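Worksheet for the structure shown next.
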Amino acid sequence: MSTGVFIAGASMTALGKRLGDSVKSLTAEAVRDALADAGAEISHIEAAWFSNTRQPMLEGQNTVRGQIALRPLGLTGFPVTNVENACASGSTALWQAMNWLKAGAGDIALVVGAEKMIFPDRPERVAAAFAGGTDIHNRQSVLDYIATMGGEAPGDGRSLFMDLYAAQARAHAERYGSTQEDLARIAAKNHTAARLNPKSQYRTPMTVEQVLADKPIVHPFTRAMCAPISDGAAAIIVCTAKGLAKLGAASRAVRVRSCALVSASQRAPEDFENHIGRRAALKAYEQASVGPVDIDLAEVHDATSYAELQQIENLGLAVAGTVSGRLKRGDFALGGGTPVNPSGGLVAKGHPVGATGLAQLYELIQHLRGEAGERQVENARIGVAENGGGFLGVEEAATVVTVLERAP
């Protein structure tokens, strides 16, 4: 069933090392562009949700971050909700705003995610911020899980999440026969797609051989298979049909068919069929009355290239164990049957944690509007985004799957 919720405007800043920017300046850029895209004025906004994860740890601004970032823009007086849900924060903010609209509390809301992650003088704080994405009171359970899944002890200078993903990648390889070359093919696909995205952090095409030859991080990953840290922001104007009628860009609106948020379960490590991403996808598909066959393109949370392989399976875009052959045929590349991460994905586009979920939706919206330029997915009508964050037990702590549709 349709939710009756629409995205009237969307924006994303260029991602990367933006050393001269702050959370405030990134927020201002994204919000102003989203308002203009929607044909909206500041006076139209009735509530806002602000997604940010790193400012408390890296800058000490541990509360009311949204109120502070929005105030210089004149966005004051209405409800502002601050959202932190690890890498799934941006999409969780949209989920909350949607429920506010569906409850009849208002008609037009702003959802914005902004992250300033690159501080060359604070490497220890940056590393500690990633460690906080798991249960810090039970770190040994995370290390035990990595060991159980055939992983190495976490090394210095890299995120714990790389070791978690690497352990899962090796378990998947043992069960389904996936290979390091499969992961390199995914990474090469995304780095090559990113050359067409002017807002990507990296825009250098790569071959499978170049990905495999890149700097080793933790087996089976090389640097090109892992998302970088990034500065950036994204914003969305979301509204009811009544709210949409008040704005100047109704003809370009995109319908939100569904948005499903789930949290980690207590499944067994080998139970891939009940992975959190799969459960979120099934819930979102049911709410939207669609299935994998209806999906024209997808943006998934490839913090590593293994995660993309896993989410292709979770979204039902391929049967487990068949992704390798599909990759070789180009099914998930631009021009293929179901392009995945035409933006370049997190590994090339960038990963500003609090903004990532909204940046994924921005990409889908460009295609559904027919405004994606050289990377346009032809005749795109329905897109899906998967955005996961944190780690608890044997999987991500939170995952959001959102289905968008080109409005008639």
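Data for the structure
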item	result
Distant-in-sequence amide H partners of Asn341 (H built 1.01 Å from N, under 5 Å)	Ala298, Glu299, Val300
Label-point separation in nm, Arg329 to Asp121, each point 7 Å along Cα→Cβ	5.5
Chymotrypsin sites (Phe, Trp or Tyr not before Pro) lying in DSSP loop within segment 1-68, provided at most 15 other Cβ fall within 10 Å	none
Cα-centred dipole magnitude for the chain, charges only on beta-carbon of K, R (+1) and D, E (-1), debye, nearest 20	760
Listed residue (Gly373, Tyr362, Leu346) projecting farthest to the positive dipole end of segment 309-408, Cβ model	Gly373
Integer Hz, Karplus 6.51/-1.76/1.60 couplings in order for segment 220-237, x for Gly and Pro	x, 8, 9, 4, 5, 8, 10, 5, x, 7, 8, 9, x, 8, 8, 8, 9, 9
Around Leu101: net Lys/Arg minus Asp/Glu count, Cβ-Cβ under 14 Å	+2
Modelled FRET efficiency - R0 30 Å, Asn99 with Val293, Cβ distances, 0.05 increments	0.60
³J(HN,Hα), Karplus 6.51/-1.76/1.60, whole Hz, each residue of segment 363-369, x for Gly, Pro	5, 4, 4, 4, 6, 5, 7
Modelled FRET efficiency - R0 41 Å, Ile42 with Glu174, Cβ distances, 0.05 increments	0.15
Where labels lie 7 Å past Cα in the beta-carbon direction, separation of Asn379 and Val319 in nm	2.6
Proximal lysines to Lys102, defined as alpha-carbon separation beneath 24 angstrom and excluding residues fewer than eight positions away on the same chain	Lys242, Lys246, Lys283
In sequence order, calculated HN-Hα J values of segment 274-279 (Karplus, 6.51, -1.76, 1.60; Hz; x Gly/Pro)	10, 4, 4, x, 5, 5
Whole-angstrom gap from segment 317-348 to segment 247-298, using each part's C-alpha centre	18
Cross-link reach list, lysines versus Lys349, counting only Cα pairs under 20 Å and skipping chain neighbours closer than eight places	Lys17, Lys116, Lys189, Lys199, Lys215
Local electrostatic count at Ile312 - Lys and Arg +1, Asp and Glu -1, tallied over other residues with Cβ under 15 Å	-3
For Ser258, residues with placed amide H under 5 Å, excluding near neighbours	Val403
Cα gyration tensor category, rounded, prolate or oblate, for segment 127-215 with a/c compared to 1.5	oblate
The chain: calculated mean residue ellipticity at 222 nm from DSSP helix runs of at least 4, using -39500 (n - 2.57)	-11000 deg cm²/dmol
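Bear in mind that the values in this text are calculations on the coordinates, not laboratory data. These figures come from a predicted structure and were not determined experimentally. So basically every Cβ, Gly included, is an ideal-geometry build from the backbone, and we count neighbours across all protein chains shown.
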